[in-house]
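Worksheet: one structure, shown below.
The values are calculated or read from the model by the stated rules, or taken from the named source; none is laboratory data. Remember, predicted model here, so these are calculated numbers, not experimental data. Here the Cβ positions follow ideal geometry from the backbone for every residue, glycine too, while neighbour counts run over all protein chains shown.
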Amino acid sequence: MDLGAELKDRRKTAGRTIASVAVDAGLSVPYIANLENGRGNPTLATLTRLAEALGTTLKVDLEDQPTTDVDNLSPRTVQVIGHLAATQRRTEQAVRDDLLSTLNALKELLGREPTTRDIDRLLDLALLGS
């Protein structure tokens, strides 16, 4: 999301000027203009004031990132693969291949890319079984 473009679009849709939003939010016109042009680093408090001035609310959402990039496994994943390979007397590549196969099946079951949390849960299950 482009924050500046979103702020500008919401302001224009509301038929507001930068000056009127600035007054309602208790911010300066240049500051809001800079934000709309992609400059600045506003705090959550500032964004909340801007949202309220625009007649909306601020929503902050943290989501898991999908991850199926096998070339960039987390250090924990690499560690667990090594542990499973050692305890099962298999190669790390064989364990890695099984993990990827399971992730692909999980993707079909979930209807989305597995996230880091999904992989961590899968690793926890594998460790419990070993």
Contact list, first residue from segment 51-72 and within 16 Å of Asp118 (Cα to Cα), second anywhere and polar (S, T, N, Q) and modelled with pLDDT of 65 or more, beta-carbon distance below 7 Å, six or more apart or interchain, is Asp64/Thr115; Asp64/Thr116; Gln65/Thr115; Gln65/Thr116; Pro66/Thr115; Thr67/Thr115; Thr67/Thr116
Scanning segment 108-130 for residues that are farther than 18 Å from Ser74 by Cα and modelled with pLDDT under 85 gives Gly129, Ser130
Within segment 79-125, residues being basic (Lys, Arg) and surrounded by 16 or more Cβ atoms within 10 Å (Cβ to Cβ) number 1
Of the conditions (1) out of contact with any helix residue (DSSP H, G or I) (no Cβ under 6 Å at 6 or more places or on another chain); (2) in a helix (DSSP H, G or I), the single one that Val95 does not satisfy is (1)
When restricted to Gly40, Gly15, the only residue assigned to a loop (DSSP other than H, G, I, E, B), more than 23 Å from the chain's Cα centre (by Cα) and of a type outside the set (D, E, K, R) is Gly15
Any chance Glu63 is outside any helix (DSSP H, G or I) and either farther than 30 Å from Gly26 by Cβ or at pLDDT below 90 (or both)
yes
